[in-house]
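Let me begin by presenting the structure, written as structure tokens, before commenting on it.
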Amino acid sequence: MNAVIENLPRFIEAFGMTLWLLATSGVCALIIGTVIAAMRISPVPSLNVFASVYTELLRNTPLTLVLFFCSFVLPQLGSRLPYEWAAFIGLTLYTSPFVAEALRSGINGVAVGQAEAARSLGLGFMQSTTLIIFPQAFRMVIPPLINVLIALTKNTSVAGGFFVFELFSAAKELANANGNAVIAILLAVAAFYLVVTIPLGILSAHLEKKLAVQR
């Protein structure tokens, strides 16, 4: 464990980048995913088509290709973003369709009469969506959304292959420098991931039980 203890500052630095990618990409993916979910149920055909294409395209594209595009293709188009911000954009784009689909499943679980009652009260599409449908849909899909965040936590490791110093990149660097301590280094990195994923998993299970009882 000497290699782990001696390099603890590097682990903490890499863990900080992992947390930053998780927090920023998670929040932005939630916002974009909510907008895409609203577009999927929109009465405007063009918005519906755009949201459907966006969702299917990104959901069926490997994350590695998305990050490759953001890290190497965007600079060819004039982007001067650091690799960390390219990874943030890629993770946000990749995660947002999963958020949208989780939310759409919650929307489908809302009784049709709720929307009809909103229309009978004179509420428009945006009002009924934001005031009536979305609050109920979010309540139903909190556990699936947390599972999306757990997946995002693990997906941040892919950014290590694109010049971002996060936990996976730290493991590779320190394993190369300490060949006799590879197992200890990998266990330390796994422990850092578990610090995030286990509490999220517990929170997901707790909320699922709580919401099931309330329903």
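FYI, it's all coordinate maths here, none of it is from the lab. All figures in this text were calculated on a predicted structure; none of them were measured in a lab. Counting neighbours? That spans all protein chains shown, and the Cβs are built from the backbone with ideal geometry, glycine included.
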Just need the relative contact order of the chain here, percent rounded to a whole number, with Cα pairs under 8 Å and 6+ apart. 29 percent
Which one of Gly106, Asn176, Thr64 has its Cα pushed farthest toward the positive end of the charge dipole of the stretch 64-183, where Lys and Arg give +1 and Asp and Glu give -1 at the Cβ? Gly106
So how strong a dipole does the chain carry about its Cα centre when Lys and Arg Cβ are +1 and Asp and Glu Cβ are -1, to the nearest 20 debye? 500 debye
Cα-based Rg (one decimal) and Dmax (whole number) for the stretch 66-106, in Å? 12.6, 40
Among the helices of the chain (complete DSSP H runs), which have Cα atoms covering no less than 18 Å along the helix axis and a Kyte-Doolittle mean of at least 1.6? 182-214
Cross-link partners of Lys172 among lysines (Cα-Cα below 27 Å; sequence separation of 8 or more within a chain): Lys154
For the stretch 1-127 the translational diffusion coefficient, Stokes-Einstein from a Kirkwood Rh over Cα pairs at 37 °C and viscosity 0.692 mPa s, in µm²/s, is roughly 191 µm²/s
So how many Å³ per residue does the convex hull of the Cα atoms of the stretch 165-215 work out to? 59 Å³
Charge dipole of the chain built from unit charges on the beta carbon (Lys, Arg +1; Asp, Glu -1), centred at mean Cα; most positive-end Cα among Met126, Leu187, Gly16 is Met126
As an exercise, identify the chymotrypsin sites (Phe, Trp or Tyr not before Pro) in the stretch 137-185 lying in DSSP coil whose Cβ has no more than 14 other Cβ atoms within 10 Å. Phe163
So how far, in whole Å, is the C-alpha centre of the stretch 95-136 from the one of the stretch 65-79? 35 Å
Taking only the alpha carbons of the stretch 84-140, what extent do you get along each of the three principal axes, in Å, biggest first? 48, 19, 13
How compact is the chain by the rule of thumb for globular proteins, expressed as Cα Rg over 2.2 N^0.38 Å? 1.20
